[in-house]
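Working notes, beginning with the structure itself.
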């Protein structure tokens, strides 16, 4: 099994451009999450989806939107990228919301210039 | 406010020694805690978890201790190996709420 797959692995955007980060899991997990990780900091929750059909804001949702396309897929969209969104983005999934160990993807390294 | 923090940002140990990584949390309502390991260029990997109704939990070469009185969490790694070199994060789940990650501690194992 692949676990959690994120695409792309690397991306460079110009300020104001838009893009969508893709995430898919093959573990039949109910809950999915998007985090960002900045140098010297822990992971901060952007958005999460406790179950198919629901999404909620995390700690740092501004500038982002999400879509839980189906049980497997959870995408993160940047409508108008800003340099402050330069970060490494991780998608994760778990059997249930917050009370189970997460499985993380390998990350997307995004640079906004 | 709620926060999860680590006492030491870096830890260097000799191969074969035991390692102890500490974490403080401030939300007494947190009911679930997890330790993650993150190697360079990879996503965090689940190591071990513990619920608030427990004081100690053991895995393979790892032990997590929870002291609710002082809101302290620790990860003990026995017989540390070079492959244990990574950044270790603790995370807390506030009851019914979000999973909050700490800053991380970088563990360096000297051969």
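Would you mind stating whether residue B:50 is surrounded by 15 or more Cβ atoms within 10 Å (Cβ to Cβ), more than 11 Å from chain A (Cβ to nearest Cβ) and under 26 Å from residue A:4 (Cα atoms)? For residue B:50, the condition - surrounded by 15 or more Cβ atoms within 10 Å (Cβ to Cβ), more than 11 Å from chain A (Cβ to nearest Cβ) and under 26 Å from residue A:4 (Cα atoms) - is met.
Just for the range A:79-108: of the residues that are under 20 Å from residue B:51 (Cα atoms) and part of a strand (DSSP E or B), which one is farthest from the other protein chains (Cβ to nearest Cβ)?
Applying the first criterion (under 20 Å from residue B:51 (Cα atoms)) to the range A:79-108 yields A:93-103.
Cutting the leftovers down to part of a strand (DSSP E or B) gives us A:93-94, A:103.
Working: A:93: 11, A:94: 9, A:103: 7 Å.
So, considering only residues that are under 20 Å from residue B:51 (Cα atoms) and part of a strand (DSSP E or B), the one farthest from the other protein chains (Cβ to nearest Cβ) is A:93.
What number of residues within the range B:64-111 are part of a strand (DSSP E or B) and either crowded, with 22+ Cβ neighbours inside 10 Å or touching a residue at least 24 places away in the same chain (Cβ under 8 Å) (or both)?
As a first pass, look at the range B:64-111 and keep what is part of a strand (DSSP E or B): B:64-67, B:72-77, B:86-94, B:99-101, B:105-110.
Checking the rest, the ones that are also either crowded, with 22+ Cβ neighbours inside 10 Å or touching a residue at least 24 places away in the same chain (Cβ under 8 Å) (or both) come to B:64, B:66, B:72-77, B:86-94, B:99-101, B:105-110.
Residues flagged as part of a strand (DSSP E or B) and either crowded, with 22+ Cβ neighbours inside 10 Å or touching a residue at least 24 places away in the same chain (Cβ under 8 Å) (or both) within the range B:64-111 amount to 26.
When each of A:110, A:69, A:78, A:13 is tested for being under 25 Å from residue B:89 (Cα atoms) and touching a strand residue (DSSP E or B) at 6+ places or on another chain (Cβ under 8 Å), the lone residue that passes is A:110.
If only residues of the range A:86-111 that are surrounded by fewer than 20 Cβ atoms within 10 Å (Cβ to Cβ) and over 22 Å from residue A:52 (Cα atoms) are counted, the one that is farthest from the chain's Cα centre (by Cα) is A:111.
Going by the structure shown, is residue A:76 surrounded by 15 or more Cβ atoms within 10 Å (Cβ to Cβ), touching a helix residue (DSSP H, G or I) at 6+ places or on another chain (Cβ under 8 Å) and not in a loop (DSSP other than H, G, I, E, B)? Break it down into steps so the answer makes sense when it comes.
Details: surrounded by 15 or more Cβ atoms within 10 Å (Cβ to Cβ): yes; touching a helix residue (DSSP H, G or I) at 6+ places or on another chain (Cβ under 8 Å): no; not in a loop (DSSP other than H, G, I, E, B): yes.
Considered against the rule, which asks whether it is surrounded by 15 or more Cβ atoms within 10 Å (Cβ to Cβ), touching a helix residue (DSSP H, G or I) at 6+ places or on another chain (Cβ under 8 Å) and not in a loop (DSSP other than H, G, I, E, B), residue A:76 comes out as no.
Of the residues making up the range A:38-53, those that are within 9 Å of chain B (Cβ to nearest Cβ) and farther than 16 Å from residue B:42 by Cα number 3. Scan the range A:38-54 and give yes if some residue there is surrounded by fewer than 16 Cβ atoms within 10 Å (Cβ to Cβ) and on the phi > 0 side of the Ramachandran plot, otherwise no. Checking the range A:38-54: at least one residue is surrounded by fewer than 16 Cβ atoms within 10 Å (Cβ to Cβ) and on the phi > 0 side of the Ramachandran plot. Determine, yes or no, whether residue B:34 is touching a strand residue (DSSP E or B) at 6+ places or on another chain (Cβ under 8 Å), crowded, with 17+ Cβ neighbours inside 10 Å and free of Cβ contacts under 8 Å to residues at least 60 places away in the same chain. The answer is no for residue B:34. Annotation: of all residues in the range A:15-37 being within 20 Å of residue A:62 (Cβ to Cβ) and exposed (fewer than 13 other Cβ atoms within 10 Å of the Cβ), the one that is farthest from the other protein chains (Cβ to nearest Cβ) is A:16. The set of residues from the range A:61-72 being surrounded by fewer than 17 Cβ atoms within 10 Å (Cβ to Cβ) and in a strand (DSSP E or B) comprises A:65, A:67.
FYI, it's all coordinate maths here, none of it is from the lab. Note that the coordinates shown come from a computational prediction; the quantities given were computed from them, not determined experimentally. Please note: Cβ atoms are built from the backbone with ideal geometry, for glycine as well, and neighbour counts cover all protein chains shown.
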